[in-house]
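The values are calculated or read from the model by the stated rules, or taken from the named source; none is laboratory data. Model, not experiment: these values are computed from the prediction. FYI the Cβ positions are ideal-geometry reconstructions off the backbone, even for glycines, and counts take in every protein chain you see. Ligands, DNA and RNA are excluded from the accessible area calculation, which covers all protein heavy atoms including side chains. Shrake-Rupley method; radii C 1.70, N 1.55, O 1.52, S 1.80 Å.
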Amino acid sequence: MTKIFLITGASSGLGRAFAEAALQAGHTVVGTVRQQADAEAFEQLQPGKSLARLLDVTDDEAVFRTVDEIETEVGPIDVVIANAGYGHEGVFEESTMAELRAQFEVNVFGVVATVKAVLPYLRQRRRGHILGVTSMAGLITVPGTSFYQGSKYAVEGILETVGKEVAPFGVHVTAIAPGSFRTDWAGRSMVRTDRSVPDYDQVMNPIRDHRLAASGKQLGDPRKAAEAVLRILDVPNPPAHLVLGSDALRLVANGRAAVDKEIEEWAELSRSTDFPDGAQLPG
């Protein structure tokens, strides 16, 4: 059964890979891009099936208007992949509040606006699949990307909660958490804060040098990521969290094991804060 996809940030990287895989599978894809040249290139992928829309996901009204137009002019959206986003690299103390707000405007509020615009249609039809591209950085932490990781943690939490709210309506929600893939994420899609505090040199300089050296040599294949995403669209119970890449699988597992270990180590102190009568919240 062919579907209509809406994919934000479809001009390059994982968004482009998702779009190309869906088109090859016979689906119709509406991809949002920021530049007219990117729109023209996208529509040449499969004329009549690859449809571009110019969109800035930080413009809430434009997001809702675009979704309404797609529903009217193209047809009912079956799958939305909220992919638009970018990376920010910088020591927390060195990074600015303006950089934090800009990061959340795209990575969090842009995703939320996209999901909110599409959700009423899916709920009313009692079907559909919402996917948001987060990152393994939304499930673990490493130094030097606190703003980026905070944005991805936020999206992970929002999508998991929304999934529980809309499950009774037959709407599925999946947070896609990729590891390191060969895209422009560490290149033109990365904003880097200038170094200014020498105390962080030993922590940050090796991380930045390694990321720059590894750009273009990452383990993950975007085409295989797209194939994996297509595989979960037709299963009865798709995952709420889909980790992509063996590096992400290892790092997320190790990170969560460390959290579980710490929780257990301090469990007695945690329990000591209860009232002695054992009263509990309803449910």
Residues of segment 76-107 that turn out to be open to solvent by less than 10 Å² (accessible area, probe 1.4 Å) and either closer than 23 Å to ASP38 by Cβ or among the charged types (D, E, K, R) (or both), as a count: 10
Options ILE77, ILE130, ILE81: the member that is under 28 Å from GLY170 (Cα atoms), at pLDDT 95 or above and touching a His at 6+ places or on another chain (Cβ under 8 Å): ILE130
Pairs where the first residue, in segment 227-246, is farther than 14 Å from GLY132 by Cβ and the second is open to solvent by 40 Å² or more (accessible area, probe 1.4 Å) and among the hydroxyl-bearing types (Ser, Thr, Tyr), C-beta under 7 Å, 6+ apart: GLY245/SER180
Filter result for the condition that a residue is surrounded by 10 or more Cβ atoms within 10 Å (Cβ to Cβ), farther than 30 Å from ALA25 by Cα and of a type in the set (S, T, N, Q), over SER270, SER246: SER270
Subset of segment 222-257 (residues that are assigned to a loop (DSSP other than H, G, I, E, B), in contact with a strand residue (DSSP E or B) (Cβ under 7 Å, 6 or more places away or on another chain) and at pLDDT below 95): GLY245
Total residues in segment 39-48, condition in a loop (DSSP other than H, G, I, E, B) and surrounded by 15 or more Cβ atoms within 10 Å (Cβ to Cβ): 2
Index of the failed condition, VAL29 passing every other in (1) in contact (Cβ under 8 Å) with a residue 40 or more places away in the chain; (2) outside any loop (DSSP other than H, G, I, E, B); (3) buried (at least 17 other Cβ atoms within 10 Å of the Cβ): (1)
Any hit, segment 56-66, residues being without any contact (Cβ under 8 Å) to a residue 24 or more places away in the chain, open to solvent by less than 70 Å² (accessible area, probe 1.4 Å) and not in a loop (DSSP other than H, G, I, E, B): yes
Pairs where the first residue, in segment 105-120, is over 17 Å from SER151 (Cα atoms) and the second is among the hydrophobic types (A, V, I, L, M, F, W, C) and part of a helix (DSSP H, G or I), C-beta under 6 Å, 6+ apart: ALA117/VAL63; ALA117/PHE64; ALA117/VAL67; VAL118/VAL67
All positions within segment 1-22 that are aliphatic (A, V, I, L, M), out of contact with any Lys or Arg (no Cβ under 8 Å at 6 or more places or on another chain) and part of a loop (DSSP other than H, G, I, E, B): MET1
Count - residues of segment 150-173 that are outside any helix (DSSP H, G or I) and open to solvent by 40 Å² or more (accessible area, probe 1.4 Å): 1
Residue within segment 60-80 that is of a type in the set (A, V, I, L, M, F, W, C) and within 15 Å of the chain's Cα centre (by Cα) present: yes
Selection within segment 145-190 - under 17 Å from the mean Cα position of the chain (by Cα), at pLDDT 90 or above and hydrophobic (A, V, I, L, M, F, W, C): PHE147, ALA154, VAL155, ILE158, LEU159, VAL162, VAL173, ALA175, ILE176, ALA177
